[in-house]
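Written below as structure tokens is the structure these notes are about.
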Amino acid sequence: MLQHHMWYCYHGAVETELRQCRDEGRDVSALEEKAAAIGIVEPVTEEEYNKVMAMVDELEALPLPEHPEYVEPDTLDEIHACAAPHREAEPYDKEALADRIHGAWIGRVTGCLLGKPVENRSREYIRKIAEADGNYPITRYLRGQVENPDNDPFFDDPNFKFNCFAEKLCGCSPSDDDTNYTTLALTVVEQYGRDFSSNDIVEGWLRNFPAWVLCTAEQAAFRNFLCHILPPRSGYVRNPFREWIGAQIRGDLFGYINPGDPCAAADMAWRDACCTHTRNGIYGEMFVAAMIAEAAVSSDIRHIIKTGLDRIPQKSRLKRDVDRVFAMYDEGLAFMDAVDRIHEQYPQEDLHNAVHTIPNAMIVVASLLWSEGDYTKALGYSVMAAMDTDCNGATVGSIVGMLNGAKAVPAHFTDPICDTLCTDIAGNARVHISDMAERTMKLIR
């Protein structure tokens, strides 16, 4: 029912705002007791909703401290000042680019689909499903129709049965926020051009996006748009989810249309991200867009990741934790041992961690490093690591798809979807992935 829909009713908004304020270093001690009492309310009625939002307002009004360790600005000029020096664009192979762009689109769609049935499930849950189908380590889509010789009730659970498994596809990839946003970004740049503004992004959303399919930070920002609260305020007003993963899954198109130019890709991503996010939420989108742009001209995974990191503040929490993944790789840890450490730092049982930009970015980076750019390994690792599996699968797939091109994608990933993607974007309800790649090519200078 509508009044119980998790994101529509902002369940846990106060608890999330408390966590977010602590992450930002705000002193919440004076409001903790009051917030704890209100935080148990599920805002079903208008009165309850207003009570929750008033508490969120109080918490958001707490002053941001000067942090000695982290420097995390929101404006583009300040981010530039805290990032590595600007780098000129590198030439790209025009003959190879069409296949790379097509591969990136396929990678986003297939990576999303691989992780979709087990989004935010535990590593143990994912392993159990995969092993029951002889698919662990994961190398192909997960199936729900698996043998159950021990009559394990786990496989009779409706929450398991109704998930989006490969055998339930009807010749297309179903709509998902991880592909909706890439499609919407394409339509925005087609309509407004490469010099689109953040307000153009807002207009594109209002014209083309049904609010019902939005979650967390994006839904909070959409509400702000309708109340004439525009960027950058739309990214933080009554938005406890402002550093969650939503922006990190939206930057791909800006990487696609800036091959060899990670600086331009990251700047475009900032124009999008500041509509809905702040700080590390913004940096996640800039980071991914820059990596994808660099993957069009480089085959060195480590260099691609470093290039993405160069575009974000060097004293940010996101940079700190991605560097920790590099350290684990250089230490010689096995992939799942590194994943264990990520989960120790950010326990998935806490929803704030499971859908936060930083731990999911760590999984993206780990999947790229340990797979060494191998398409199948990279996608499998991104899902085996749990957390936000469809988001991470899509992002990893986009990067290795750009790196390897469409011709290198195994047929068992592409055949079930028949070059077809469903979306919730107006005018793009059912599209061919190859057509989306061709439309993207027309936006490249």
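Below are the figures for this structure:
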{"quantity": "Alpha carbon centroid spacing (whole Å) that separates segment 130-150 from segment 317-368", "calculated": "25"}
{"quantity": "Calculated [θ] (222 nm, deg cm²/dmol) that DSSP helices of n ≥ 4 give over the chain, each run adding -39,500 (n - 2.57)", "calculated": "-16500 deg cm²/dmol"}
{"quantity": "Cα-based equivalent ellipsoid, the chain: semi-axes from gyration tensor eigenvalues, Å", "calculated": "30, 27, 22"}
{"quantity": "Size of segment 326-382 as Cα extents on the principal axes (Å, biggest first)", "calculated": "30, 23, 14"}
{"quantity": "Whole-percent carbon and sulfur share, accessible surface of the chain, 1.4 Å", "calculated": "51"}
{"quantity": "Gain in span if fully extended, residue 66 to residue 194, counting 0.36 nm per residue against the direct Cα distance", "calculated": "42.5 nm"}
{"quantity": "q = 0.11, 0.21, 0.23 Å⁻¹, segment 82-182: log10 I(q)/I(0) [Debye, one scatterer per Cα]", "calculated": "-0.49, -1.12, -1.26"}
{"quantity": "Cα principal axis extents for segment 62-116, largest first, Å", "calculated": "48, 36, 17"}
{"quantity": "About the Cα centre, charge dipole magnitude for the chain (Lys/Arg +1, Asp/Glu -1 at Cβ), debye", "calculated": "820"}
{"quantity": "Alpha carbon Rg of segment 272-321, scaled by the compact-globule rule 2.2 N^0.38 Å", "calculated": "1.13"}
{"quantity": "Residue 139 versus residue 96: modelled label distance in nm, points set 7 Å from Cα along the beta carbon direction", "calculated": "2.6"}
{"quantity": "Sum of side-chain charges, residue 203 neighbourhood, beta-carbon under 14 Å (Lys, Arg +1; Asp, Glu -1)", "calculated": "-1"}
{"quantity": "Set of lysines near residue 315 by C-alpha distance (under 27 Å), chain-local residues within fewer than 8 positions excluded", "calculated": "306"}
{"quantity": "Between segment 180-203 and segment 231-301, the Cα center-to-center distance that results, in Å", "calculated": "13"}
{"quantity": "Per residue value of the accessible surface for the chain (all protein chains in place, 1.4 Å probe), Å²", "calculated": "40"}
{"quantity": "Förster radius 30 Å - calculated FRET efficiency between residue 211 and residue 411 (Cβ-Cβ, nearest 0.05)", "calculated": "0.20"}
{"quantity": "Residue among 37, 20, 427 farthest towards the positive dipole end of the chain, charges placed on Cβ", "calculated": "427"}
{"quantity": "Scattering profile of segment 280-426 at q = 0.11, 0.18 Å⁻¹ [log10 I(q)/I(0), Debye over alpha-carbon scatterers]", "calculated": "-0.40, -1.06"}
{"quantity": "Net +/- balance of residues flanking residue 224 in space, Cβ distance below 10 Å, scoring K and R +1, D and E -1", "calculated": "+3"}
{"quantity": "37 °C / 0.692 mPa s Stokes-Einstein diffusion coefficient of segment 169-210, Kirkwood radius on C-alpha pairs, µm²/s", "calculated": "294"}
{"quantity": "Binned Cα-Cα distances of segment 186-289, short to long, each 10 Å bin given as a whole percent", "calculated": "18, 51, 28, 2"}
{"quantity": "Protection proxy ranking, peptides 193-202, 350-359, average beta carbon neighbours within 10 Å, highest first", "calculated": "350-359, 193-202"}
{"quantity": "Neighbour net charge for residue 393 - beta-carbon separation under 12 angstrom, K R +1, D E -1", "calculated": "-3"}
{"quantity": "Gain on full stretching of the segment that runs from residue 344 to residue 53 - 0.36 nm per residue minus C-alpha separation", "calculated": "101.6 nm"}
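The values are calculated or read from the model by the stated rules, or taken from the named source; none is laboratory data. If you're wondering where the values come from, they're calculated on a predicted model, not measured in any experiment. Because the Cβ atoms are built from the backbone with ideal geometry, glycine has one as well, and the counts that use them run over all protein chains shown. Keep in mind that these areas ignore ligands, DNA and RNA; they rest on the heavy atoms of the full protein, side chains included. Shrake-Rupley method; radii C 1.70, N 1.55, O 1.52, S 1.80 Å.
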